[in-house]
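Asker: Take this structure, written in structure tokens, and hold onto it; I'll ask about it next.
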Amino acid sequence: MAPGPGSSRAGPRAAPIRLRDVAEVSYEEPRIEFGRHLNRKFAVALTVYKEPTANTVEVATATTRLIQNDIAGDPLLKGVNLFVFQDQAKEILDGLTGLTEAGLIGGLLAVIVLYFFLRRFDTTFIVSLAIPISIVASCTVCISSART
């Protein structure tokens, strides 16, 4: 049988073509093209996850305290730079602070608008007290009945 097109042999006694005859073969670890970097150097990142029922602020604060106090003082880690990249506790507390400030400013503006329309201090004072009292009462009812 004659060799067909694309056959690697010219005849029955022709030497086989080996890969090393036509290419350079070497075994090397592939260069890692992905990963964590910090200041253009490879870095290790740890991500901490919490249980769904755990308080995010408490977990993040405890983790930050552990990194800054316990792990940073470990003599085996001397020369290793440890820091917190994203602190969700700070973000949550900053959000609550902003919400509190916005609520106080909104309450003050509501009192000013009430006084502008009622033009009596005593009536404005009574209506102004009714708003926070109703909010506290409704939150108390929701908490006592286990609703959110």
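Asker: If a residue must be aliphatic (A, V, I, L, M), closer than 27 Å to E91 by Cα and outside any loop (DSSP other than H, G, I, E, B), how many such residues does the range 25-78 contain? Step through it out loud before you land on a result.
Answerer: Taking the range 25-78 as the starting set, the residues that turn out to be aliphatic (A, V, I, L, M) are 25, 32, 38, 43-46, 48, 54, 57, 59-60, 62, 66-67, 71-72, 76-77.
Filter once more, so that each one left must be closer than 27 Å to E91 by Cα: 38, 43-46, 48, 54, 57, 59-60, 62, 66-67, 71-72.
Imposing the further condition that a residue be outside any loop (DSSP other than H, G, I, E, B) reduces the set to 38, 57, 59-60, 62, 66-67, 71.
Going through the range 25-78 one residue at a time, the tally reaches 8.
Asker: While we're here: When residues of the range 17-71 are filtered for being hydroxyl-bearing (S, T, Y) and surrounded by 10 or more Cβ atoms within 10 Å (Cβ to Cβ), how many remain? Before the answer, list the steps.
Answerer: Step one: filter the range 17-71 for residues hydroxyl-bearing (S, T, Y), giving 26-27, 47, 49, 53, 56, 61, 63-64.
From what is left, the residues that are surrounded by 10 or more Cβ atoms within 10 Å (Cβ to Cβ) are 56, 61, 63-64.
Of the residues in the range 17-71, 4 are hydroxyl-bearing (S, T, Y) and surrounded by 10 or more Cβ atoms within 10 Å (Cβ to Cβ).
Asker: Out of the residues in the range 8-57 meeting the condition of being among the polar types (S, T, N, Q) and under 50 Å from the mean Cα position of the chain (by Cα), tell me which one is farthest from F83 (Cα to Cα).
Answerer: First, pick out the residues of the range 8-57 that are among the polar types (S, T, N, Q): 8, 26, 39, 47, 53, 55-56.
From what's left, under 50 Å from the mean Cα position of the chain (by Cα): 26, 39, 47, 53, 55-56.
Working: S26: 41, N39: 14, T47: 12, T53: 26, N55: 22, T56: 19 Å.
Among those that are among the polar types (S, T, N, Q) and under 50 Å from the mean Cα position of the chain (by Cα), it is S26.
Asker: If you check every pair at least six apart or on different chains, which have Cβ atoms under 8 Å apart with a residue in the range 124-140 that is over 16 Å from G103 (Cβ atoms) first and a residue that is surrounded by 12 or more Cβ atoms within 10 Å (Cβ to Cβ) second?
Answerer: Note: pairs meeting the criteria are T124/V111; T124/L114; T124/Y115; T124/L118; V127/L114; V127/L118.
Asker: With respect to I105, determine if the residue is farther than 30 Å from T61 by Cβ, of a type in the set (A, V, I, L, M), surrounded by 10 or more Cβ atoms within 10 Å (Cβ to Cβ) and free of Cβ contacts under 8 Å to residues at least 12 places away in the same chain.
Answerer: On the way: farther than 30 Å from T61 by Cβ: no; of a type in the set (A, V, I, L, M): yes; surrounded by 10 or more Cβ atoms within 10 Å (Cβ to Cβ): yes; free of Cβ contacts under 8 Å to residues at least 12 places away in the same chain: yes.
Taking the combined requirement at face value, the residue does not satisfy it.
Since every read-out is calculated from the coordinates, none of them should be taken as a lab result. What you see is a predicted model; the values in this text were computed from it and never measured. Quick reminder, even Gly has a Cβ in these numbers, built from the backbone with ideal geometry, and neighbours come from all protein chains shown.
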